[in-house]
1. Test of understanding: among Met306, Met319, Met282, which residue is farther than 19 Å from Val227 by Cβ and in a helix (DSSP H, G or I)?
2. I'd like the full set of residues that are surrounded by fewer than 21 Cβ atoms within 10 Å (Cβ to Cβ), in contact with a Phe, Trp or Tyr (Cβ under 6 Å, 6 or more places away or on another chain) and at pLDDT below 85, limited to the stretch 14-64.
3. Is the stretch 258-272 home to any residue that is modelled with pLDDT of 80 or more and of a type in the set (Gly, Ala, Ser)?
4. Given Ile295, Ile303, Ile331, which one is touching a residue at least 24 places away in the same chain (Cβ under 8 Å), out of contact with any Phe, Trp or Tyr (no Cβ under 9 Å at 6 or more places or on another chain) and of a type outside the set (Ser, Thr, Tyr)?
5. Go through the stretch 351-391 and count every residue that is surrounded by 20 or more Cβ atoms within 10 Å (Cβ to Cβ), modelled with pLDDT under 85 and over 23 Å from Ala57 (Cβ atoms).
6. What is the residue count in the stretch 230-249 for residues that are out of contact with any Phe, Trp or Tyr (no Cβ under 8 Å at 6 or more places or on another chain), in a helix (DSSP H, G or I) and among the hydroxyl-bearing types (Ser, Thr, Tyr)?
7. Phe113 fails exactly one of the following numbered conditions: (1) surrounded by fewer than 18 Cβ atoms within 10 Å (Cβ to Cβ); (2) modelled with pLDDT of 85 or more. What is the number of that condition?
Amino acid sequence: MGHHLIRKEATGVSGGMAKISIISLIISLSAAFVSTIWALYVDSFVGDVSKVGYLTAFLAFVSFFSYFYFVPLMQKADKGKLFIFSLVLLGAVYLLFSYIKSFYLFLILAVIFTIALALRVMTFGIIVKDASKKGELSKNEGLKYTFANIAFVIGPLIAGYLLNVIGINYLFVISAVVILIGALFFWGFGIHDGKKSRHVNKSMIKNFFSFFKSRERIISYILGGGVYFWWGLIYLFIPLYIVREGLSKSYVGYFLFAVAVPLIFLEYWFAKIAGRRGFKKMFVFGYSIAGTFAIACFFVSNIYVMIGLLTLASLGLAMLEPTVESYFFDILNEDEEYRYYGPFNTSVDLNAFVGRVLGSTILLFLPFKFIFLLFGGAMFIFALIALNVRDVVESTKK
(Lines give C-alpha, C1' and ligand atoms only; values in the text may rest on other atoms or scores of the structure.)
Protein backbone atom coordinates (compact mmCIF):
# COMPACT_ATOMS: atom_id res chain seq x y z
CA MET A 1 0.00 0.00 0.00
CA GLY A 2 2.75 2.46 0.96
CA HIS A 3 4.77 1.70 -2.18
CA HIS A 4 1.69 2.27 -4.30
CA LEU A 5 1.09 5.66 -2.71
CA ILE A 6 4.58 7.08 -3.08
CA ARG A 7 5.46 5.94 -6.58
CA LYS A 8 5.50 8.50 -9.39
CA GLU A 9 2.06 8.87 -10.94
CA ALA A 10 1.60 8.66 -14.70
CA THR A 11 -0.13 12.03 -14.83
CA GLY A 12 2.79 14.43 -15.04
CA VAL A 13 2.82 15.07 -11.27
CA SER A 14 5.79 13.76 -9.33
CA GLY A 15 5.58 13.09 -5.60
CA GLY A 16 2.58 10.84 -5.07
CA MET A 17 -0.33 11.14 -2.68
CA ALA A 18 1.59 10.12 0.46
CA LYS A 19 3.93 13.09 0.13
CA ILE A 20 1.10 15.39 -0.91
CA SER A 21 -0.88 14.32 2.17
CA ILE A 22 2.08 15.16 4.42
CA ILE A 23 2.19 18.62 2.87
CA SER A 24 -1.56 18.91 3.47
CA LEU A 25 -0.97 18.10 7.15
CA ILE A 26 1.76 20.71 7.58
CA ILE A 27 0.07 23.62 5.80
CA SER A 28 -3.25 22.77 7.45
CA LEU A 29 -1.62 22.96 10.87
CA SER A 30 -0.62 26.53 10.10
CA ALA A 31 -4.12 27.21 8.74
CA ALA A 32 -5.65 25.70 11.90
CA PHE A 33 -3.65 28.10 14.09
CA VAL A 34 -4.77 31.07 12.01
CA SER A 35 -8.41 29.91 11.78
CA THR A 36 -8.56 29.57 15.58
CA ILE A 37 -7.43 33.14 16.20
CA TRP A 38 -8.66 34.92 13.04
CA ALA A 39 -12.07 36.06 14.29
CA LEU A 40 -10.54 37.23 17.58
CA TYR A 41 -7.73 39.01 15.72
CA VAL A 42 -10.13 40.87 13.41
CA ASP A 43 -12.31 41.68 16.43
CA SER A 44 -9.29 43.34 18.10
CA PHE A 45 -9.35 45.95 15.31
CA VAL A 46 -13.12 46.53 14.98
CA GLY A 47 -14.57 45.50 18.37
CA ASP A 48 -17.99 44.32 17.16
CA VAL A 49 -19.32 40.95 15.99
CA SER A 50 -21.31 42.43 13.10
CA LYS A 51 -18.34 44.47 11.90
CA VAL A 52 -16.16 41.36 11.97
CA GLY A 53 -18.75 39.65 9.76
CA TYR A 54 -18.94 42.52 7.29
CA LEU A 55 -15.16 42.90 7.08
CA THR A 56 -14.56 39.21 6.44
CA ALA A 57 -17.39 39.31 3.89
CA PHE A 58 -15.46 42.05 2.07
CA LEU A 59 -12.39 39.81 2.02
CA ALA A 60 -14.51 37.02 0.55
CA PHE A 61 -15.48 39.48 -2.19
CA VAL A 62 -11.77 40.09 -2.91
CA SER A 63 -11.12 36.36 -3.03
CA PHE A 64 -14.00 35.86 -5.47
CA PHE A 65 -12.32 37.96 -8.15
CA SER A 66 -8.88 36.54 -7.38
CA TYR A 67 -9.98 33.09 -8.52
CA PHE A 68 -11.07 34.40 -11.92
CA TYR A 69 -7.91 36.44 -12.29
CA PHE A 70 -5.73 33.37 -11.71
CA VAL A 71 -7.39 31.20 -14.40
CA PRO A 72 -4.86 31.90 -17.20
CA LEU A 73 -2.02 31.47 -14.69
CA MET A 74 -3.30 27.99 -13.82
CA GLN A 75 -3.45 27.10 -17.50
CA LYS A 76 0.11 28.06 -18.43
CA ALA A 77 2.28 27.97 -15.28
CA ASP A 78 3.90 25.26 -13.15
CA LYS A 79 1.47 24.71 -10.28
CA GLY A 80 4.25 23.48 -7.98
CA LYS A 81 6.20 26.75 -8.25
CA LEU A 82 3.05 28.80 -7.76
CA PHE A 83 2.16 26.75 -4.70
CA ILE A 84 5.57 27.40 -3.09
CA PHE A 85 5.26 31.11 -3.88
CA SER A 86 1.82 31.26 -2.22
CA LEU A 87 3.17 29.58 0.93
CA VAL A 88 6.13 31.94 1.21
CA LEU A 89 3.85 34.95 0.71
CA LEU A 90 1.43 33.70 3.37
CA GLY A 91 4.32 33.17 5.78
CA ALA A 92 5.52 36.75 5.23
CA VAL A 93 2.02 38.13 5.82
CA TYR A 94 1.64 36.14 9.05
CA LEU A 95 4.89 37.63 10.35
CA LEU A 96 3.62 41.13 9.56
CA PHE A 97 0.25 40.37 11.20
CA SER A 98 2.16 39.66 14.42
CA TYR A 99 3.66 43.14 14.42
CA ILE A 100 1.19 45.69 13.06
CA LYS A 101 -1.18 47.83 15.13
CA SER A 102 -2.76 50.04 12.46
CA PHE A 103 -6.18 49.07 11.14
CA TYR A 104 -5.33 50.32 7.64
CA LEU A 105 -2.12 48.30 7.48
CA PHE A 106 -4.10 45.31 8.68
CA LEU A 107 -6.66 45.84 5.91
CA ILE A 108 -3.96 46.00 3.21
CA LEU A 109 -2.27 42.87 4.53
CA ALA A 110 -5.63 41.10 4.86
CA VAL A 111 -6.26 41.70 1.15
CA ILE A 112 -2.81 40.31 0.26
CA PHE A 113 -3.46 37.35 2.59
CA THR A 114 -6.77 36.67 0.86
CA ILE A 115 -5.24 36.73 -2.62
CA ALA A 116 -2.33 34.49 -1.57
CA LEU A 117 -4.76 32.06 0.04
CA ALA A 118 -6.79 31.86 -3.18
CA LEU A 119 -3.61 31.03 -5.10
CA ARG A 120 -2.67 28.35 -2.56
CA VAL A 121 -6.10 26.72 -2.71
CA MET A 122 -6.20 26.69 -6.51
CA THR A 123 -2.71 25.30 -7.02
CA PHE A 124 -2.99 22.61 -4.35
CA GLY A 125 -6.38 21.46 -5.60
CA ILE A 126 -5.04 21.08 -9.14
CA ILE A 127 -1.94 19.25 -7.89
CA VAL A 128 -4.11 16.69 -6.08
CA LYS A 129 -6.35 16.28 -9.13
CA ASP A 130 -3.41 15.78 -11.49
CA ALA A 131 -1.85 13.23 -9.11
CA SER A 132 -5.04 11.11 -9.09
CA LYS A 133 -5.81 8.27 -11.45
CA LYS A 134 -9.27 7.98 -12.94
CA GLY A 135 -11.68 6.54 -10.41
CA GLU A 136 -9.44 7.43 -7.45
CA LEU A 137 -10.06 11.16 -7.02
CA SER A 138 -12.67 10.84 -4.26
CA LYS A 139 -10.39 8.49 -2.32
CA ASN A 140 -7.44 10.85 -2.72
CA GLU A 141 -9.53 13.86 -1.74
CA GLY A 142 -10.62 11.93 1.33
CA LEU A 143 -6.98 11.18 2.15
CA LYS A 144 -6.00 14.82 1.69
CA TYR A 145 -8.83 16.07 3.91
CA THR A 146 -8.16 13.40 6.55
CA PHE A 147 -4.58 14.61 6.95
CA ALA A 148 -5.76 18.21 6.88
CA ASN A 149 -8.30 17.55 9.59
CA ILE A 150 -5.73 15.84 11.79
CA ALA A 151 -4.12 19.28 11.81
CA PHE A 152 -7.48 20.88 12.52
CA VAL A 153 -7.85 18.63 15.56
CA ILE A 154 -4.47 19.25 17.16
CA GLY A 155 -4.06 22.83 15.86
CA PRO A 156 -6.96 24.43 17.77
CA LEU A 157 -5.94 22.62 20.97
CA ILE A 158 -2.41 24.01 20.72
CA ALA A 159 -3.64 27.45 19.65
CA GLY A 160 -6.26 27.56 22.40
CA TYR A 161 -3.63 26.85 25.04
CA LEU A 162 -1.07 29.27 23.59
CA LEU A 163 -3.65 32.06 23.35
CA ASN A 164 -3.59 32.38 27.12
CA VAL A 165 0.17 31.85 27.38
CA ILE A 166 1.79 33.91 24.61
CA GLY A 167 -1.11 35.71 22.90
CA ILE A 168 -2.32 36.13 19.33
CA ASN A 169 0.73 37.90 17.91
CA TYR A 170 3.17 35.12 18.72
CA LEU A 171 0.74 32.56 17.32
CA PHE A 172 1.06 34.30 13.96
CA VAL A 173 4.83 33.90 14.20
CA ILE A 174 4.43 30.18 14.87
CA SER A 175 1.97 29.92 11.96
CA ALA A 176 4.50 31.56 9.67
CA VAL A 177 7.24 29.16 10.73
CA VAL A 178 5.00 26.13 10.16
CA ILE A 179 3.83 27.17 6.69
CA LEU A 180 7.41 27.94 5.62
CA ILE A 181 8.38 24.45 6.81
CA GLY A 182 5.58 23.19 4.54
CA ALA A 183 7.13 25.06 1.62
CA LEU A 184 10.53 23.50 2.38
CA PHE A 185 9.02 20.00 2.54
CA PHE A 186 7.21 20.54 -0.75
CA TRP A 187 10.43 21.70 -2.41
CA GLY A 188 12.43 18.91 -0.79
CA PHE A 189 9.98 16.23 -1.92
CA GLY A 190 10.48 17.37 -5.50
CA ILE A 191 6.75 17.63 -6.18
CA HIS A 192 5.89 19.51 -9.34
CA ASP A 193 2.99 19.87 -11.72
CA GLY A 194 4.03 21.16 -15.11
CA LYS A 195 0.86 20.15 -16.95
CA LYS A 196 -0.50 22.97 -19.11
CA SER A 197 -3.72 23.57 -20.95
CA ARG A 198 -3.69 23.62 -24.72
CA HIS A 199 -5.78 26.80 -24.68
CA VAL A 200 -5.30 29.82 -22.41
CA ASN A 201 -8.50 31.71 -21.58
CA LYS A 202 -7.51 35.23 -20.50
CA SER A 203 -10.92 36.92 -20.34
CA MET A 204 -12.38 36.99 -16.81
CA ILE A 205 -15.82 37.91 -18.15
CA LYS A 206 -15.83 35.17 -20.80
CA ASN A 207 -14.70 32.57 -18.24
CA PHE A 208 -17.46 33.67 -15.88
CA PHE A 209 -20.29 33.36 -18.37
CA SER A 210 -18.89 30.20 -19.93
CA PHE A 211 -18.75 28.48 -16.55
CA PHE A 212 -22.44 29.09 -15.86
CA LYS A 213 -23.66 27.79 -19.22
CA SER A 214 -23.74 24.26 -17.80
CA ARG A 215 -26.56 23.21 -15.44
CA GLU A 216 -24.31 20.54 -13.90
CA ARG A 217 -21.59 23.07 -13.17
CA ILE A 218 -24.12 25.43 -11.60
CA ILE A 219 -25.41 22.72 -9.24
CA SER A 220 -21.87 21.66 -8.36
CA TYR A 221 -20.99 25.33 -7.75
CA ILE A 222 -23.86 25.80 -5.31
CA LEU A 223 -23.20 22.58 -3.41
CA GLY A 224 -19.45 23.18 -3.22
CA GLY A 225 -19.98 26.56 -1.60
CA GLY A 226 -22.52 25.30 0.89
CA VAL A 227 -19.78 23.65 2.93
CA TYR A 228 -18.09 27.01 3.40
CA PHE A 229 -21.37 28.71 4.20
CA TRP A 230 -21.42 26.35 7.20
CA TRP A 231 -17.80 26.97 8.19
CA GLY A 232 -18.64 30.67 8.53
CA LEU A 233 -20.81 29.75 11.50
CA ILE A 234 -18.16 27.50 13.03
CA TYR A 235 -15.03 29.59 12.53
CA LEU A 236 -16.42 33.12 12.74
CA PHE A 237 -19.60 33.52 14.75
CA ILE A 238 -19.28 30.74 17.34
CA PRO A 239 -15.73 31.68 18.51
CA LEU A 240 -16.88 35.26 19.10
CA TYR A 241 -20.01 34.01 20.88
CA ILE A 242 -17.93 31.75 23.14
CA VAL A 243 -15.76 34.66 24.28
CA ARG A 244 -18.71 37.01 24.74
CA GLU A 245 -20.43 34.39 26.90
CA GLY A 246 -17.57 34.79 29.35
CA LEU A 247 -15.65 31.60 28.57
CA SER A 248 -11.88 31.56 28.28
CA LYS A 249 -10.35 31.97 24.82
CA SER A 250 -9.02 28.44 25.29
CA TYR A 251 -12.58 27.19 24.80
CA VAL A 252 -12.43 28.40 21.21
CA GLY A 253 -9.63 25.90 20.65
CA TYR A 254 -11.50 23.14 22.47
CA PHE A 255 -14.60 23.76 20.36
CA LEU A 256 -12.74 23.72 17.04
CA PHE A 257 -10.91 20.59 18.17
CA ALA A 258 -14.22 18.82 18.89
CA VAL A 259 -15.73 19.88 15.55
CA ALA A 260 -12.80 18.42 13.60
CA VAL A 261 -12.75 15.00 15.34
CA PRO A 262 -15.60 13.41 13.29
CA LEU A 263 -13.94 14.65 10.09
CA ILE A 264 -10.73 12.74 10.79
CA PHE A 265 -12.41 9.41 11.35
CA LEU A 266 -15.12 9.58 8.70
CA GLU A 267 -14.07 11.67 5.67
CA TYR A 268 -11.87 9.08 4.01
CA TRP A 269 -14.51 6.40 4.52
CA PHE A 270 -17.34 8.56 3.15
CA ALA A 271 -15.19 9.61 0.19
CA LYS A 272 -14.55 5.99 -0.74
CA ILE A 273 -18.27 5.19 -0.49
CA ALA A 274 -19.14 8.15 -2.73
CA GLY A 275 -16.60 6.96 -5.30
CA ARG A 276 -18.20 3.50 -5.39
CA ARG A 277 -21.90 4.34 -5.03
CA GLY A 278 -22.38 7.91 -6.21
CA PHE A 279 -22.64 11.37 -4.73
CA LYS A 280 -26.33 12.28 -4.54
CA LYS A 281 -27.31 10.53 -1.29
CA MET A 282 -24.07 11.67 0.34
CA PHE A 283 -24.88 15.30 -0.46
CA VAL A 284 -28.52 15.09 0.65
CA PHE A 285 -27.78 13.32 3.93
CA GLY A 286 -24.76 15.49 4.69
CA TYR A 287 -26.57 18.79 4.36
CA SER A 288 -29.68 17.46 6.14
CA ILE A 289 -27.66 16.32 9.16
CA ALA A 290 -25.95 19.70 9.48
CA GLY A 291 -29.28 21.52 9.13
CA THR A 292 -30.99 19.38 11.75
CA PHE A 293 -28.37 19.98 14.43
CA ALA A 294 -28.12 23.70 13.64
CA ILE A 295 -31.85 24.21 14.09
CA ALA A 296 -31.72 22.14 17.29
CA CYS A 297 -29.25 24.72 18.65
CA PHE A 298 -31.97 27.38 18.36
CA PHE A 299 -33.98 25.61 21.05
CA VAL A 300 -31.21 25.30 23.66
CA SER A 301 -29.62 27.98 25.81
CA ASN A 302 -26.72 26.07 27.35
CA ILE A 303 -23.52 26.87 25.43
CA TYR A 304 -22.02 23.48 26.21
CA VAL A 305 -25.03 21.73 24.68
CA MET A 306 -24.67 23.95 21.60
CA ILE A 307 -21.04 22.91 21.27
CA GLY A 308 -22.11 19.27 21.50
CA LEU A 309 -24.79 19.66 18.83
CA LEU A 310 -22.45 21.49 16.45
CA THR A 311 -19.87 18.76 16.95
CA LEU A 312 -22.46 16.18 15.92
CA ALA A 313 -23.27 18.33 12.88
CA SER A 314 -19.74 17.58 11.66
CA LEU A 315 -20.99 14.08 10.83
CA GLY A 316 -22.79 15.72 7.91
CA LEU A 317 -19.77 17.81 6.93
CA ALA A 318 -17.65 14.66 6.83
CA MET A 319 -19.92 13.49 4.01
CA LEU A 320 -19.52 16.74 2.11
CA GLU A 321 -16.06 18.23 2.49
CA PRO A 322 -14.08 15.61 0.52
CA THR A 323 -16.81 14.86 -2.03
CA VAL A 324 -18.11 18.16 -3.43
CA GLU A 325 -14.80 18.96 -5.13
CA SER A 326 -14.42 15.38 -6.42
CA TYR A 327 -17.88 15.58 -7.97
CA PHE A 328 -16.98 18.83 -9.72
CA PHE A 329 -13.86 17.33 -11.32
CA ASP A 330 -15.80 14.21 -12.31
CA ILE A 331 -18.27 16.17 -14.43
CA LEU A 332 -15.50 17.96 -16.38
CA ASN A 333 -13.35 16.82 -19.24
CA GLU A 334 -9.58 17.28 -18.97
CA ASP A 335 -9.42 20.50 -21.01
CA GLU A 336 -11.95 22.17 -18.70
CA GLU A 337 -10.16 21.53 -15.39
CA TYR A 338 -7.72 24.46 -15.37
CA ARG A 339 -10.25 26.83 -16.89
CA TYR A 340 -13.11 26.11 -14.50
CA TYR A 341 -11.47 25.12 -11.19
CA GLY A 342 -10.81 28.76 -10.31
CA PRO A 343 -14.39 29.86 -11.03
CA PHE A 344 -15.64 26.83 -9.08
CA ASN A 345 -13.68 27.98 -6.02
CA THR A 346 -15.47 31.33 -6.08
CA SER A 347 -18.47 29.43 -4.70
CA VAL A 348 -16.53 29.34 -1.44
CA ASP A 349 -16.28 33.12 -1.34
CA LEU A 350 -19.80 33.78 -2.58
CA ASN A 351 -21.29 31.59 0.14
CA ALA A 352 -18.90 32.96 2.75
CA PHE A 353 -19.90 36.49 1.72
CA VAL A 354 -23.63 35.78 1.83
CA GLY A 355 -23.43 33.83 5.10
CA ARG A 356 -21.41 36.48 6.89
CA VAL A 357 -23.47 39.40 5.63
CA LEU A 358 -26.78 37.73 6.50
CA GLY A 359 -25.46 36.52 9.85
CA SER A 360 -24.06 39.96 10.73
CA THR A 361 -27.32 41.64 9.73
CA ILE A 362 -29.35 39.24 11.89
CA LEU A 363 -27.12 40.05 14.87
CA LEU A 364 -27.89 43.76 14.44
CA PHE A 365 -31.57 43.17 15.17
CA LEU A 366 -32.10 39.76 16.81
CA PRO A 367 -30.58 37.63 19.58
CA PHE A 368 -27.67 35.37 18.65
CA LYS A 369 -29.74 32.16 18.64
CA PHE A 370 -31.54 33.26 15.45
CA ILE A 371 -28.31 32.75 13.56
CA PHE A 372 -28.89 29.01 13.94
CA LEU A 373 -32.16 29.28 12.01
CA LEU A 374 -30.30 31.04 9.19
CA PHE A 375 -27.58 28.41 8.89
CA GLY A 376 -29.89 25.46 9.53
CA GLY A 377 -32.39 26.63 6.96
CA ALA A 378 -29.63 27.18 4.41
CA MET A 379 -28.37 23.61 4.90
CA PHE A 380 -31.82 22.22 4.07
CA ILE A 381 -31.96 24.37 0.94
CA PHE A 382 -28.64 22.88 -0.16
CA ALA A 383 -30.03 19.40 0.55
CA LEU A 384 -32.98 20.09 -1.74
CA ILE A 385 -30.66 21.33 -4.49
CA ALA A 386 -28.62 18.13 -4.11
CA LEU A 387 -31.63 16.12 -5.25
CA ASN A 388 -30.90 17.44 -8.77
CA VAL A 389 -27.38 16.00 -8.88
CA ARG A 390 -26.47 13.53 -11.62
CA ASP A 391 -25.21 10.54 -9.68
CA VAL A 392 -21.69 10.07 -11.03
CA VAL A 393 -20.03 6.81 -9.92
CA GLU A 394 -16.24 7.07 -10.10
CA SER A 395 -15.61 3.32 -9.82
CA THR A 396 -17.24 2.79 -13.24
CA LYS A 397 -14.99 5.32 -14.99
CA LYS A 398 -12.13 4.04 -17.12
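The values are calculated or read from the model by the stated rules, or taken from the named source; none is laboratory data. Worth saying up front: this structure is predicted, and the values here are computed from it rather than measured. Note: ideal-geometry Cβ built from the backbone for every residue, glycine included; neighbour counts use all protein chains shown.
1. Met306
2. Across the stretch 14-64, the qualifying residues are Lys19, Ser21, Phe61.
3. For the stretch 258-272, residues modelled with pLDDT of 80 or more and of a type in the set (Gly, Ala, Ser): present.
4. Just a single option satisfies the conditions, and that option is Ile331.
5. Summing the residues that are surrounded by 20 or more Cβ atoms within 10 Å (Cβ to Cβ), modelled with pLDDT under 85 and over 23 Å from Ala57 (Cβ atoms) in the stretch 351-391 gives 1.
6. The total comes to 0.
7. Here Phe113 meets the rest and fails (1).
So that you can scan it fast, the table gives a plain yes or no per residue for (1) without any contact (Cβ under 8 Å) to a residue 24 or more places away in the chain; (2) part of a helix (DSSP H, G or I); (3) acidic (Asp, Glu); (4) within 19 Å of Val173 (Cβ to Cβ):
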{"residue": "Leu40", "(1), (2), (3), (4)": "no, yes, no, yes"}
{"residue": "Val52", "(1), (2), (3), (4)": "no, yes, no, no"}
{"residue": "Phe61", "(1), (2), (3), (4)": "no, yes, no, no"}
{"residue": "Phe68", "(1), (2), (3), (4)": "no, yes, no, no"}
{"residue": "Met74", "(1), (2), (3), (4)": "no, yes, no, no"}
{"residue": "Lys101", "(1), (2), (3), (4)": "yes, no, no, yes"}
{"residue": "Tyr104", "(1), (2), (3), (4)": "yes, yes, no, no"}
